[in-house]
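Here the structure is laid out as structure tokens; the discussion comes afterwards.
The values are calculated or read from the model by the stated rules, or taken from the named source; none is laboratory data. Every value quoted in this text rests on a predicted model; they were computed, and no experiment measured them. Cβ placement follows ideal geometry from the backbone for every residue including glycine, while neighbour counts extend to all protein chains displayed.
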Amino acid sequence: MKILVCMSVVPDTTTKISFTDNNTKLNTQGVQFIINPYDELSLTRAIELTEKHGGTVTVANVGKADADAVIRKALAIGANDAIRINADPVDGQYVAEQLAHVIRSGGYDLVLTGRESIDYNGGQVCGLLGELLSWPAVNVCTRIDLENGKAIFERDIDGGRQTVTSSLPAVASAQKDLCEPRIPNMKGIMAARTKPLTVVEPVAVEFASTYRQFETPAPKQAVKLIDAANAGQLIDLLRNEAKIIA
Amino acid sequence: MTGIYAENSEGIFKKSVLEAASYASRISNGGVLAVCIGQPKDGEADKLAQYGVSKLIVVDGIPAFDSQAYTAEITKIFSANQVQHIVLANTYEGKTLAPRISVAMNASLATNVVDFPDTSNGFRIRRGVFSGKGFAIVELNKTNKVIAITPNSTELKQNPVTISIEHSQAAAHQINTEITATSKAAGKIPLTEAEVVVSAGRGMKGPENWKMVEELAELLGAATACSKPVADMDWRPHNEHVGQTGITIKPNLYIAIGISGAIQHLAGVSSSKVIVVINKDPEAPFFKAADYGIVGDAFDVLPQLIEAARASKN
């Protein structure tokens, strides 16, 4: 079983987001970068699957050299090797094209992504890879298992869950509840230093989109406080002042 | 002509589909073509017509959802009708299909879109990024475009037209995925589409106290949600968890009870139109993001709210 885990490097969840260069770039000053939390679930599940069924886990990232420290963390958690495609991740479509190029020559049985990255929130790469590779793609999975040469997924649907059996190769994206993310131990951290991290150059791809500008949400007006002894008044305010309920 | 994929929820077109229709109708300069897979119930096509859909093509012959077969049929119809702009709702199904359709149609893809495009200088859309902590203005460079809009983000405006309905028989597809079980919570409002959300956190002290939360939600026609610690402790199912690593929502009204308002939680709810915070700690950071606040104990405040909501209903 050869599994590839696609990994984004994102600002830590506690980051206060601001922008620089005339609001065209994320202000990275003081920002800690981490493995995208959903990709970390994919990675952990991939490792669990190879522990049970044998095989290898490769992580792939589209990024520049500053991503290497975070990629090493994925190796410390337990991936066997890593590939970094040496380019800025312009958008989801660019990233997927680069990953698809690596996957085509890699002979993978299963490719995992996160449900979305917590920075660009595209949720695109799983489906894009599916179509680029002509593979089935199952999105937002809370369970990923392998049985009799097939994959069993449980995925979120609007208002519920669904179990799906899929042929391999396939691509799937991870949702919370898939597994408990693993924390690297000292042995893993030591081993990660010498595990292979291959850097490859990107293929030429037309840019489908261009990020022009960023904005932060408009600041809120001061809160209107209601006395707790007269809390029922809130319902009246919501109806007649905010006009937000019927 | 602009196209929409009309997600068919057991024969019903939900509000998110009507929003896609309304959006497509506003950006189109020559009618809106909707593609739906499987027969909609009687009267449902008229709902689409109210929001500007001039033609509906119903695809017959695909018994269950398979993203490859669906994509092949949808793109076949859009290509044959020279559709360049395709609008979908950013639901689980929409998010699964939008990327595939963009590849099949060589289109630029924008998901999580929260506003109508600005076409004064290229084709620019506004989309949510950094999990509710920011927005990005993105130019879509390709002639064909696939736009997945976030529910409750864009104006739903009627534009009644006459609709024609055609049927298209699906080709024989190799089906790679098989659905073996489906479980749905009956009668519940999907969190992402709910206009009112009542959410609670650790301040509720235990799962047994959620009856009050559910009662208030029912009176307000609201969906229920929760904070991350509550989902992590299994007090509530994870699909109710809103926040940076949970679901991002933007209801008209968000009522947070016993949630302090960590930055990760705010990220998932800060786009709500009106936020109400109920917390016994006056220093809770959530009050800074709130429109209305009550400093008080949930066990004291909630019964009053339930009573007031019930009284005003009668």
Quick check on B:K76: is it among the basic types (K, R) and surrounded by 23 or more Cβ atoms within 10 Å (Cβ to Cβ)? no
Can you list the strands (runs of 3 or more DSSP E) found entirely within region B:1-103 that contain at least 1 residues being touching a helix residue (DSSP H, G or I) at 6+ places or on another chain (Cβ under 9 Å) and closer than 18 Å to B:H167 by Cβ? B:2-5, B:32-37, B:55-60
Those strands (runs of 3 or more DSSP E) completely within region B:222-314 that have 2 or more residues that are in contact with a helix residue (DSSP H, G or I) (Cβ under 7 Å, 6 or more places away or on another chain) and more than 10 Å from chain A (Cβ to nearest Cβ) are B:223-226, B:253-257
Going through region B:1-57 one residue at a time, which ones are within 25 Å of B:N112 (Cβ to Cβ) and among the β-branched types (V, I, T)? B:T2, B:I4, B:I12, B:V17, B:I27, B:V32, B:V35, B:I37, B:V53
Residues that are among the hydroxyl-bearing types (S, T, Y), surrounded by fewer than 24 Cβ atoms within 10 Å (Cβ to Cβ) and closer than 18 Å to B:Y92 by Cα, drawn from region B:125-153: B:S153
Can you tell me which residue in region B:119-145 is nearest to B:A107 (Cα to Cα), limited to those that are of a type in the set (S, T, N, Q) and within 7 Å of chain A (Cβ to nearest Cβ)? B:N141
Which numbered condition in (1) closer than 28 Å to B:P282 by Cα; (2) in a helix (DSSP H, G or I) is the only one that B:V197 fails? (2)
Can you name the residue in region A:138-162 that is more than 7 Å from chain B (Cβ to nearest Cβ) and small (G, A, S) and is also farthest from B:A72 (Cα to Cα) among such residues? A:G149
How about region A:143-153: which of its residues are surrounded by fewer than 21 Cβ atoms within 10 Å (Cβ to Cβ) and within 20 Å of A:C179 (Cβ to Cβ)? A:R143, A:D145, A:L146, A:E147, A:K150, A:I152
Note down all Cβ pairs under 9 Å where the first residue falls in region A:212-236 and is more than 7 Å from chain B (Cβ to nearest Cβ) and free of Cβ contacts under 8 Å to residues at least 40 places away in the same chain, the second is part of a loop (DSSP other than H, G, I, E, B) and surrounded by fewer than 16 Cβ atoms within 10 Å (Cβ to Cβ), and they're at least six residues apart or on different chains. A:Q233/A:D227
Against the definition (under 19 Å from A:G232 (Cβ atoms), crowded, with 24+ Cβ neighbours inside 10 Å and not small (G, A, S)), how does B:V295 come out, yes or no? no
Taking the condition of being at the interface with chain B (Cβ under 8 Å from one of its Cβ atoms) and basic (K, R), how many residues in region A:163-191 meet it? 1
Please state which one of B:G258, B:G221, B:G246 is at pLDDT below 95, touching a strand residue (DSSP E or B) at 6+ places or on another chain (Cβ under 9 Å) and surrounded by 24 or more Cβ atoms within 10 Å (Cβ to Cβ). B:G246
From the list A:T198, A:T194, exactly one residue is in a loop (DSSP other than H, G, I, E, B) and more than 9 Å from chain B (Cβ to nearest Cβ). Which is it? A:T194
Region A:1-33: number of residues that are away from every other protein chain (no Cβ under 11 Å), closer than 18 Å to A:S173 by Cβ and either out of contact with any strand residue (DSSP E or B) (no Cβ under 9 Å at 6 or more places or on another chain) or in a strand (DSSP E or B) (or both): 5
Quick one: B:I189 ticks every box in (1) within 11 Å of another protein chain (Cβ to nearest Cβ); (2) in a helix (DSSP H, G or I) bar one, so which box is it? (2)
By residue number, the members of region A:111-137 that are over 19 Å from B:Y70 (Cβ atoms) and either surrounded by fewer than 24 Cβ atoms within 10 Å (Cβ to Cβ) or facing another protein chain (nearest Cβ under 7 Å) (or both) are A:I118, A:D119, A:Y120, A:N121, A:G122
